[in-house]
Amino acid sequence: MSTTHEPSNIPRFAIGDFIRRWSWLCLVLVGCLGWWIVRRAHFDSAVSVPSIDVSKASRELSAAIFAARTKVEQNPRSGAAWGELGMWLMAHQFEHEANICLEQAKHWDPQDPRWSYLLGLSLSVSQRDRAILEFRHALSLRNQWAVAHSRLGELFLAREDFDDAQRELQIAFEQDPNDPRAPF
């Protein structure tokens, strides 16, 4: 018997075609992912600076708010710029506008505990449950912060959650025995 190789009836699948097809598919998927990231970043930065009525404010305050607002407009992804504007607004009773700025500061600079702390401070009168979440977030980033523990303890007291309040105030007292809030 002689052995002869007869051509197979199955079409030959070239490895080159396989690689080329998968390469194109991967390229299309990477392109779609890139487009999605760029679009998402565009929408993230689309939060506009809140309008602020400074008509009754002093000239110095108007100038300070204008300067802080200009920094945000020049660098809308800067947590520090948003935070500075938020602090000016918070200090001068523009609560709603300050909250918007502090949320943006927290978004663009998520590792800075100041923004969550200040947002919690601002919300502590009107939205206590959300303020508690903000203080907890700030403390998750920086646990050695007596004033944040005491503020959180005060919110727990307002909710009549005495065990949590005692725990937070005790931590505040241990971290800073001179904090006037902690002994209470």
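The values are calculated or read from the model by the stated rules, or taken from the named source; none is laboratory data. Predicted, not measured: the structure shown is a model, and the values here were computed from it. Don't worry about glycine lacking a Cβ; one is built from the backbone with ideal geometry, like all the others, and counts go over all protein chains shown. Surface accessibility is based on the protein's heavy atoms, side chains included, excluding ligands, DNA and RNA. Shrake-Rupley method; radii C 1.70, N 1.55, O 1.52, S 1.80 Å.
Compared with the alpha-carbon gap, the fully stretched path from Ser23 to Phe162 is longer by 43.9 nm at 0.36 nm per residue. Pairwise inverse Cα distances across the stretch 80-156, averaged and inverted, put the Kirkwood hydrodynamic radius at 12.0 Å.
Using the heavy atoms of the protein chains alone and a 1.4 angstrom probe, what is the accessible area of the stretch 56-161 per residue in square angstrom? Please list the in-between numbers first.
Working: 5490 Å² over 106 residues.
Solvent-accessible surface per residue comes out at 52 Å².
Each residue of the stretch 87-100 was assigned a 3J(HN,Hα) from its phi angle through the Karplus expression (A = 6.51, B = -1.76, C = 1.60, θ = phi - 60°), giving 5, 4, 5, 5, 5, 10, 6, 9, 4, 4, 5, 4, 4, 4 Hz with x at Gly and Pro. Pairwise inverse Cα distances across the stretch 123-184, averaged and inverted, put the Kirkwood hydrodynamic radius at 11.2 Å. Which net charge results for the neighbourhood of Ala68, defined as the other residues with beta-carbon distances under 12 angstrom from its beta-carbon, given Lys and Arg at +1 and Asp and Glu at -1? Charge balance near Ala68 sits at -1.
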